[in-house]
Protein chains: 2
Amino acid sequence: MSAAAALETFSRHGGRLAAAAAAFPAAPRPWIDLSTGVNPRPYPAPAATRAARARLPDPETLRALEAAAAAAFGAPAERVTAVPGSESAIRLLPDLLGVRRVAIAHDTYGGHAEAWRAAGAEILRRPEDAEAWVVVNPNNPDGRATAADELLASAAIRWTVVDEAFVETEPELSVAAQAGGRLIVLRSFGKFFGLAGLRLGFVIADADVTARLRARLGDWPLSADAITAGQAAYVDTPWADAARKRLARDAARLDRLLAAAGLTPLGGTLLFRLARAPDAAGVFLRLAHAGVLCRPFADPRLLRFGLPGRPAEWTRLAAALSGERS
Amino acid sequence: MSAAAALETFSRHGGRLAAAAAAFPAAPRPWIDLSTGVNPRPYPAPAATRAARARLPDPETLRALEAAAAAAFGAPAERVTAVPGSESAIRLLPDLLGVRRVAIAHDTYGGHAEAWRAAGAEILRRPEDAEAWVVVNPNNPDGRATAADELLASAAIRWTVVDEAFVETEPELSVAAQAGGRLIVLRSFGKFFGLAGLRLGFVIADADVTARLRARLGDWPLSADAITAGQAAYVDTPWADAARKRLARDAARLDRLLAAAGLTPLGGTLLFRLARAPDAAGVFLRLAHAGVLCRPFADPRLLRFGLPGRPAEWTRLAAALSGERS
């Protein structure tokens, strides 16, 4: 596969393991997926019971999950709506808000722009020109933080959508407790808790946005497994505290590994690290040939790396990176 | 609980077991939930692997599920889009089609009217006056069938949305193979396969509607467990054939039981039976006091019953029904 084709295929979203296996058939298995920002050590969530999988999820159970999540977010329970992944909320918001001109802060997760374009909105750079401002905080992929004051000042003027998909490891950045009025906060479950396949996220908003969102979600938006896992995870403070400490150690270790291989760590969050490489596409290809999938971007100097999990993954990444130097 | 309050609480949707347990605290446990139309003998679906639950579902895997479902529906794979429950599609369609005047056929599942009202549409009775016609086929709760000719003739003139949530036991009614143009077909996984808690459904539509729907769903609309279960279930023809035979026997048995208790069976599908009772609210309450939840309606003469599953459930239903006659 050429560098250009690889960029084309793998720079839109992470997680394309099947495409990687098809594009690099000679790469050693199993693939190591570092192309997303999902905690490689999942929360040990209970599965839903057979009875719960068989029946429609009870609305009371869903409300209990939202209450548990709200307590973890520091937000009032009645402002918190569970959705099947924060991506689904990203896609619903443009129609819901009916905004025609939106600004999206920084170079960031591409799903926001896709959603607004699909709804026919014009995407601007400056929030001053727009009816809504979308900020990923901390930002993906560079980890840049936007101050709460700036977000609250924006929300006094226009819709301000703060995607806190990666805020669990920097909870002091969150404005979830202030959501309401024109401030809408999105949260993700699967990244920090390492269970992205369950599809669970949240929207924190005022009563009117919440009512309109619920009308568009219907009565059973979540799977029984998502509800069961979320209810357990959001009250497990000891697990979250230990996970934050472990992620901090592993993020620092990954930065050291990247630097030792000649890449320049540029930051990120504790769930992924951004790095500059003189020939990022070349590094991407060489890692892919070694069965390691990282995340390239349209900017040919950048690569993003999720955290390896098991010791063998660290070893293989280190070998693949140092091989690329030799 | 008064008859009026019970109607208010339990006539909007089925599946409100927690509310029933709270309203009738002295009822024997476990509750028997006959308030929905979900197969009480679930498909023995494999659970997703731990690895699949941890990561974002691969788009290739989602496409494979859609292909398996399309083959079961007799529809082209490129017209089939998986959604997290057909309810989610019901809620998305009004914004997607941008229609302001819709007709909804017969007295039917209330989620359709709720979704169109939430989007600001006017709901009419006659399709001739509307830009879109919604038909549940076979209809819930009375099982009424609408002929394919009538649906196709409507789709030649206006958007025609056919909700085939209960068509698996009457596959000859399906127009899934003809979907496209202005004909949109919805399918449900959880009812026939008895796994409503997984949240899986499908929209069958032409390329334009499909593209707009996918843009609103985002890249990861389904949980790993829904994908895993659906892939196995839709190719298991022997299980489906046996399930249809069993459901036919059980539906006939339920009609006999209701008739023996003085109710008048009015039809339905093989997943639920509608019956007339001189005092439906009274029957509802007496069953509820016996720990059996059936489904009342605003029409005070009607009750709907899902199928009991285990032998003990049939025994308790028979006792509760005959007790009501004594």
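The values are calculated or read from the model by the stated rules, or taken from the named source; none is laboratory data. What you see is a predicted model; the values in this text were computed from it and never measured. Quick reminder, even Gly has a Cβ in these numbers, built from the backbone with ideal geometry, and neighbours come from all protein chains shown. Each accessible area value is taken on the protein alone, full model and side chains, heavy atoms only, with ligands, DNA and RNA left out. Shrake-Rupley method; radii C 1.70, N 1.55, O 1.52, S 1.80 Å.
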Seminar exercise, completed: Once phi for every residue in segment A:211-220 is put through the Karplus expression 6.51 cos²θ - 1.76 cosθ + 1.60 (θ = phi - 60°), the whole-Hz ³J(HN,Hα) values, with Gly and Pro written as x, are 5, 5, 4, 4, 5, 8, 8, x, 8, 9
For this session: With a 1.4 Å probe and every protein chain kept in, tell me what percent of the accessible surface of chain B is carbon plus sulfur.
Result: 55 percent
For this session: Tell me which residues come under 5 Å, amide H to amide H, from residue A:170 once H is placed; ignore anything under 5 positions away on its chain.
Result: none
Exercise. So what are the ³J(HN,Hα) numbers for segment B:121-135, from phi and the Karplus equation (6.51, -1.76, 1.60; θ = phi - 60°), rounded to whole Hz, Gly and Pro as x?
Worked result: 7, 8, 9, 10, 8, 9, x, 4, 8, 10, 8, 8, 10, 10, 10
Exercise. Can you give the accessible area per residue of segment B:27-153, in Å², using a 1.4 Å probe?
Worked result: 39 Å²
For this session: Kindly identify the protein assembly as shown as rounded, prolate or oblate by the Cα gyration tensor criterion: order the square roots of the eigenvalues as a ≥ b ≥ c, call it rounded if a/c is under 1.5, otherwise compare a/b with b/c, prolate if a/b is larger, else oblate.
Result: prolate
For this session: Quote the relative contact order of chain B in percent (integer), defining contacts as alpha-carbon pairs under 8 Å separated by 6+ residues.
Result: 26 percent
Exercise. Under 26 Å from the Cα of residue A:191, which lysines turn up, not counting those fewer than eight places away in the same chain?
Worked result: A:245
For this session: Take every Cα pair under 8 Å in segment A:231-276 that's 6+ residues apart, average their separations, divide by the length, and report that relative contact order as a whole percent.
Result: 28 percent
For this session: Pop out the ³J(HN,Hα) list for segment B:263-275 in order, Karplus 6.51 cos²θ - 1.76 cosθ + 1.60 with θ = phi - 60°, rounded to Hz; leave Gly and Pro as x.
Result: 8, 10, x, 10, x, x, 10, 6, 9, 7, 10, 9, 9
Seminar exercise, completed: Sorted by chain and number, the residues with a modelled amide H under 5 Å from that of residue A:267, at a separation of 5 or more or across chains, are A:274
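Please give the charge dipole size of chain B, origin at the Cα centre, charges +1 on K and R Cβ atoms and -1 on D and E Cβ atoms. Round to the nearest 20 debye.
In total the dipole reaches around 940 debye.
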For this session: Show the residues, 5+ positions off or on another chain, whose built amide H is closer than 5 Å to the amide H of residue B:292.
Result: B:32
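Restricting to chain B, compute how many DSSP beta bridges are antiparallel as a %, nearest 5.
55 percent
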Exercise. Chains A and B: what accessible area do they bury, summed, in square angstrom to the nearest 100, with a 1.4 Å probe?
Worked result: 3800 Å²
Exercise. In terms of the Cα gyration tensor, with a ≥ b ≥ c the square roots of its eigenvalues, is segment A:8-115 rounded because a/c is under 1.5, prolate because a/b exceeds b/c, or oblate?
Worked result: oblate
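If I take every Cα pair under 8 Å that is 6 or more residues apart in segment B:212-295, average their sequence separation and divide by the length, what percent do I get for the relative contact order?
15 percent
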Exercise. Quick one: Cα centre-to-centre distance for segment B:145-176 and segment B:75-133, in angstrom?
Worked result: 14 Å
Exercise. In segment B:158-226, which chymotrypsin sites (Phe, Trp or Tyr not before Pro) fall in coil by DSSP and have 11 or fewer other Cβ atoms within 10 Å?
Worked result: none
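Once you charge only the Cβ atoms, +1 for Lys and Arg and -1 for Asp and Glu, what is the size of the charge dipole of the protein assembly as shown about its Cα centre, to the nearest 20 debye?
Charge dipole, the protein assembly as shown, about its Cα centre: 1300 debye, nearest 20.
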Exercise. Which residues of segment A:1-21 end up with at least 40 Å² less accessible area in the presence of all protein chains than when their chain stands alone, using a 1.4 Å probe?
Worked result: A:16, A:18
Problem set entry | Bridge type composition, the protein assembly as shown - antiparallel percent by DSSP, nearest 5 | 55 percent
For this session: Just give the residues from segment A:22-57 buried by at least 50 square angstrom of accessible area in the all-chains context relative to the isolated chain, probe 1.4 Å, and say none if nothing qualifies.
Result: A:53, A:54, A:55, A:56
Seminar exercise, completed: Note to self: C-alpha centroids of segment A:5-30 and segment A:44-61 sit apart, in Å, by 34 Å
For this session: Anything losing 50 Å² or more of accessible area from the isolated chain to the full protein assembly: pick those residues out of segment B:181-207, probe 1.4 Å, ligands and DNA/RNA ignored.
Result: B:197, B:199
